[in-house]
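None of the figures in this text is laboratory data; all of them are computed from the coordinates on show. Computed from a predicted structure; not experimentally measured. As a convention, Cβ positions derive from the backbone with ideal geometry for all residues, glycine included, and neighbour counts pool all protein chains shown.
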Amino acid sequence: MNATVLTSTEQQTRITGHQYPLTRVVTWELRRFLASRLFWFQALGFWGFLLLIIWALHASDQTGTVAGSEQLSAYVAGTSAGGLLRTLPTYLIILALLLPFITADGVTRDVNRRTHELLMTTALPTWAYVLGRYLASLIIGLGLALLLFASILGMGGLLHLTNSTYPLPQPDAVLLLWIGMVLSATILVSSVGFALSTLLPRLSTLVKVVILVAWLVGALVIPLGLGNTTPPTWYVNWDPTSGITARGLLPSYSITLGPTITSEAQLQQLILTIENKMPDIAGWFAPHLLLAGLSLVLVLIAALAFKRSRDVLN
């Protein structure tokens, strides 16, 4: 009997080749993203458009009063906590319109290109194949969400440098709103789009369209339909688009103008003390994160229900 003795290097190579299949799938998928010119075009276009919108909405609301015979006016900074409650749902719409086209097709792409069965003939576990594709797409989505966070702070800092009266954004308030609204929405949209497209690969285009339409209805149509009506508390707390959530938080940033305000500097100082308050997280913060967590369960169900045979997918 001949015995083959492996060197330590060969042993390490063989062991590494069979360990951490999930890590390997994530690495492969991230390399594919980074090698795609279309992805970089989308990311740069998203970043540039964000900076343009943040700059355009840097004075998100005008407040005025009459002192004697003089009309006074001041603005709410768009990168302050109070300003972000007015503008952040708009930024979320831009992000939500892009995410499904980046995150939903991790598995569906292989089915459409007819490379699915070739991959399934390998020793790669099904769970690693599905979850690895999902994690890679989620990392890209979170990268775009971080780009939004950095754009708010960066543009706010730039506006402060060019105009000393413009207040610096408060990182703690921006971070709190980013986690509760942007991070949760990114996980929710990425997870729902990926899970439904994986379970229904032939309907992946329809899944994206439904997500986009549902988000636009929730973020734009319903708030316009409510008008000045006070939305129900449960809706404020559970609205994933944050359009109604932000609207429900805005009353705490309302400004009461008294007769002591006699100059625009005093008016702007009053607004500054109110617009930079930390947002109240009671009621809405946990439900937003819970919705994101439930969407992760949907991804797990998709991974467990995924079939290796293409006949089952047809």
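At full extension, Val297 and Ser252 could sit 12.8 nm farther apart than now, given 0.36 nm per residue minus the alpha carbon distance. Label point 7 Å out from Leu30 along Cα-to-Cβ: which residues of the range 138-158 have amide N under 11 Å? Hits in the range 138-158 for Leu30 at 11 Å: 139-140. Taking 0.36 nm per residue of separation and subtracting the current Cα-Cα distance, fully stretching the chain between Leu44 and Leu168 would add 42.1 nm. Counting Lys and Arg as +1 and Asp and Glu as -1 over every other residue whose Cβ lies under 13 Å from the Cβ of Asp105, the net charge comes to +4. Of the peptides 184-196, 142-154, 241-253, 282-294, the order by per-residue mean of other Cβ atoms within 10 Å, starting with the highest, comes out as 184-196, 241-253, 142-154, 282-294.
In Å, what Kirkwood hydrodynamic radius results for the range 141-226 from the alpha-carbon pair distances?
That comes to 15.3 Å for the range 141-226.
Sorting the segments 271-280, 31-40 by their residues' average number of neighbouring beta-carbon atoms within 10 angstrom, most packed first, yields 271-280, 31-40.
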